[in-house]
1. Among the trypsin sites (Lys or Arg not before Pro) in segment 195-253, which ones are in a DSSP loop with at most 14 other Cβ atoms within 10 Å of the Cβ? Mind listing them?
2. At most 12 other Cβ atoms within 10 Å plus a DSSP loop assignment makes a site exposed; report the longest stretch of the chain without any exposed chymotrypsin sites (Phe, Trp or Tyr not before Pro).
3. Take the chain, connect every pair of alpha-carbon atoms lying under 10 Å apart with a spring to form a Gaussian network, then pick out the residue of 168, 181, 88 with the largest mean-square fluctuation.
4. Length gain on complete extension for the stretch residue 110 to residue 151, per 0.36 nm per residue less the alpha carbon to alpha carbon distance?
5. Show me, for segment 55-71, the HN-Hα J-couplings you get by feeding each phi into the Karplus relation (A = 6.51, B = -1.76, C = 1.60, θ = phi - 60°), rounded to Hz, glycine and proline as x.
6. Please give the FRET efficiency for residue 200 paired with residue 28, using the beta carbon to beta carbon distance and R0 = 25 Å, rounded to the nearest 0.05.
7. Once you've got the GNM for the chain with C-alpha springs shorter than 10 Å, pick whichever of 125, 116, 177 has the biggest mean-square fluctuation.
8. With a cut-off of 8 Å between alpha carbons and a minimum separation of six or more residues, what is the relative contact order of the chain in percent?
Amino acid sequence: MRKKIIVGNWKMNKTVDESAKLATELVAAVKGQAFAETVEIGIAPTFLALDRVAAIVKGSPVRLVAQDVHFENQGAFTGKVSVDMLKAIGVTHVILGHSEPRTLFGETDAAVNKKTLKVLSEGLTPIVCVGETRAEREGNVTEKVVGNQVRAAYQGVSAAEAAKSVIAYEPVWAIGTGLTASDDQAQAVHKFIRGLLTELYGSGTAEAVRIQYGGSMKAENASGLLKQGDIDGGLIGGASLKVDSFLGIIKAA
Ligand code: 13P
């Protein structure tokens with residue numbers, strides 16, 4: 001059985017002190033709780049706060065996640081952060097290809113692919129985000145768009161490596177809008193993604209990959225989504241910024 005994975009993507013929110021405070025509250029809230037063994041929990045603060053938060057989550061069940069990374073090790077890449085740097089402070093997972101960098105900052109499928117290969121080659125877990133816009137859903141091209149994003153991201157990735165990765169299905173129209181995909185809508189796309197992974201890698205690998213849902217997930221709608229056969233967790237934005245609402249989703253998982 002796939003272990004559920006709930007990750008809070010804090011995006012560009014919270015100062016270093018505020019991040020440390022929220023991380024401290026979360027660590028205290030999950031300490032000694034049985035659910036912390038059955039659900040994988042992660043938080044992705046701003047890059048600035050990663051080092052501080054690393055010390056806070058150390059020894060706890062809370063994993064340290066980065067919101068992005070560059071695909072080179074070092075050098076003249078102003079503004080970028082490398083996998084080596086993340087690894088050195090204890091980051092274990094990296095969010096890649098989120099729709100915000102894709103749509104706002106020109107992140108390409110090719111870059112997402114290079115980053116996925118790099119993160120896997122360094123033994124970290126990529127959380128590869130895919131998802132369609134509202135216009136694409138209304139134009140009935142959701143599977144085409146999501147399928148292309150998955151194929152592109154996994155170009156050159158072996159079955160053994162793919163099995164260790166996580167995919168986040170985040171319909172762009174559901175992110176930060178309060179609109180959530182219905183349980184059936186989400187499950188249909190998750191099932192499609194798993195079918196595609198089966199085609200690419202065989203069923204053993206496809207069954208091992210965890211596929212999270214993201215897009216206005218909150219404690220109130222989490223159980224319905226997380227009950228679906230192919231929904232293995234959540235990537236949470238807004239509701240991860242307060243310990244109570246994030247904890248509600250973790251408990252639902
Ligand atoms: P919201 O939960 O705020 O809709 O954000 C989802 C998301 O983009 C997580 O990566």
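Readers should treat all values here as calculations from the given coordinates under stated rules, not as data from a laboratory. Since this is a predicted model, take the numbers as computed values, not measurements. Cβ coordinates were reconstructed from backbone atoms using ideal geometry, including for glycine residues, and neighbour counts include every protein chain displayed.
1. On the way: sites: 210, 218, 227, 242, 251; in loops: 218, 227, 242.
Hits after loop and neighbour filter: 227, 242.
2. Values: sites that count: 77, 105.
Excluding the exposed sites themselves, the longest stretch runs over 106-253.
3. Per the Cα network of the chain with a 10 Å cutoff, 88 tops the list.
4. Working: separation 41, 0.36 × 41 = 14.76 nm, distance 1.07 nm.
Additional length available on full extension: 13.7 nm.
5. 5, 6, 8, 3, x, 9, x, 8, 8, 9, 10, 9, 7, 5, 6, 9, 8
6. Values: r = 42 Å, r/R0 = 1.67.
Given R0 = 25 Å and the Cβ-Cβ separation, E is 0.05.
7. For the chain, modelled as a Gaussian network with Cα springs under 10 Å, the answer is 177.
8. Working: 488 pairs, mean separation 52.0, N = 253.
It comes to 21 percent, rounded to a whole number.
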